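Single-structure report; data block below.
The values are calculated or read from the model by the stated rules, or taken from the named source; none is laboratory data. Everything numeric here is computed off the predicted structure, so don't read it as measured data. Cβ coordinates were reconstructed from backbone atoms using ideal geometry, including for glycine residues, and neighbour counts include every protein chain displayed. Accessible surface areas use protein heavy atoms only, side chains included; no ligands, DNA or RNA. Shrake-Rupley method; radii C 1.70, N 1.55, O 1.52, S 1.80 Å.
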Amino acid sequence: KDMVRKIIKTLQSDKEIYWMPPKFLTEEIGLSPFSDIPFWIPVANDPEPGFYQISNRKAIDYGLIYTPFEKTVLKCLDSLLQDRAIPEEDGGYFGISKEKEIEILKAWKNKQ
């Protein structure tokens, strides 16, 4: 949540964030963790718990240099706006379409 809030702040966006339970997204909407929502896997469904919690200490000790978070966010936005997404082998893309996002938001609001 902190990362998403920091992205919104970096982009100076007035977009509203809707936090939805994993069960709603996976069971009611039918989204597939990781492919429909990149880099997200509900803890209960994680086939490799802790995979993204690996220490980077050795990389830092060997000189890893971080790009500032804000710069990364702006580069990602630029890439998205220029439609430079990385295609999957099957011709699809990671994530969901804008239309699917609107459909999910409507379903969530109707549920409230």
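Provide the net charge surrounding VAL73, with neighbours chosen by a C-beta distance below 11 Å and charges set as Lys +1, Arg +1, Asp -1, Glu -1. Mind showing how you got there, number by number?
Working: positive: LYS6, LYS9, LYS71, LYS75; negative: GLU70, ASP78.
Residues close to VAL73 contribute a combined charge of +2.
Past the 22 Å Cα-Cα mark, which pairs from LYS1/LYS109; LYS1/LYS23; LYS23/LYS100; LYS71/LYS106; LYS6/LYS109; LYS15/LYS71? Please report the intermediate quantities before stating the final value.
Details: LYS1/LYS109 20 Å; LYS1/LYS23 17 Å; LYS23/LYS100 17 Å; LYS71/LYS106 32 Å; LYS6/LYS109 24 Å; LYS15/LYS71 20 Å.
Over 22 Å Cα-Cα: LYS71/LYS106; LYS6/LYS109.
Quick one: pull the percent of accessible area on the chain belonging to carbon and sulfur, 1.4 Å probe, ligands and nucleic acids left out.
55 percent
So, R0 is 30 Å and r is the distance between the beta-carbons of GLN82 and GLN53; what FRET efficiency does that work out to, to 0.05? Walk me through the numbers on the way to the answer.
Working: r = 32 Å, r/R0 = 1.08.
With a Förster radius of 30 Å, E is 0.40.
Can you give the longest stretch of the chain with no exposed loop site, where a site means GluC sites (Glu not before Pro) in a DSSP loop (not H, G, I, E or B) with at most 10 other C-beta atoms within 10 Å?
Working: sites that count: GLU16, GLU88, GLU89.
Counting at most 10 other Cβ atoms within 10 Å as exposed, the longest clean stretch of the chain is 17-87.
Could you give the radius of gyration (one decimal) and Dmax (whole number) of the Cα atoms in the stretch 29-75, in Å?
14.9, 44
Which value, in debye to the nearest 20, describes the size of the charge dipole of the stretch 1-57 about its Cα centre when Lys and Arg Cβ atoms bear +1, Asp and Glu Cβ atoms bear -1, and nothing else is charged?
Values: 7 positive and 8 negative charges, 79 e Å.
That gives the stretch 1-57 a dipole magnitude of about 380 debye.
Scan the chain and note any complete DSSP helix (H) whose C-alpha atoms cover at least 15 Å along its axis and whose Kyte-Doolittle average is -0.5 or more.
Details: long enough: 69-81 (18 Å, 0.65); 98-111 (20 Å, -1.41).
The answer, listed by residue number, is 69-81.
Excluding VAL4 itself, calculate the net charge of residues whose Cβ lies under 12 Å from the Cβ of VAL4, where each Lys or Arg counts +1 and each Asp or Glu counts -1.
+3
Relative to the Cα centre, what is the charge dipole magnitude of the stretch 10-112, using +1 at the beta carbon of each Lys and Arg, -1 at the beta carbon of each Asp and Glu, and rounding to the nearest 20 debye?
360 debye
Run the helix sum for the chain: -39,500 (n - 2.57) per DSSP H stretch of 4+ residues, divided by residue count, reported at 222 nm to the nearest 500 deg cm²/dmol. Show your work: numbers first, answer last.
Values: 4 runs with 41 residues, N = 112.
When only DSSP H runs of four or more count, the value is -11000 deg cm²/dmol.
What nm value, rounded to one decimal, do you get for the distance between ASP90 and ALA44 when each label is placed 7 Å out toward the C-beta?
2.4 nm
Any idea what the alpha-carbon Rg over 2.2 N^0.38 Å comes to for the chain?
The value comes to 1.25.
Relative contact order for the stretch 10-106: what percent, with Cα pairs under 8 Å and sequence separation of 6 or more? Present the calculation step by step, with values, prior to reporting the outcome.
Values: 34 pairs, mean separation 30.8, N = 97.
32 percent.
Leaving out ligands and nucleic acids, note down the accessible area per residue over the stretch 5-99 with a 1.4 angstrom probe, in whole Å².
86 Å²
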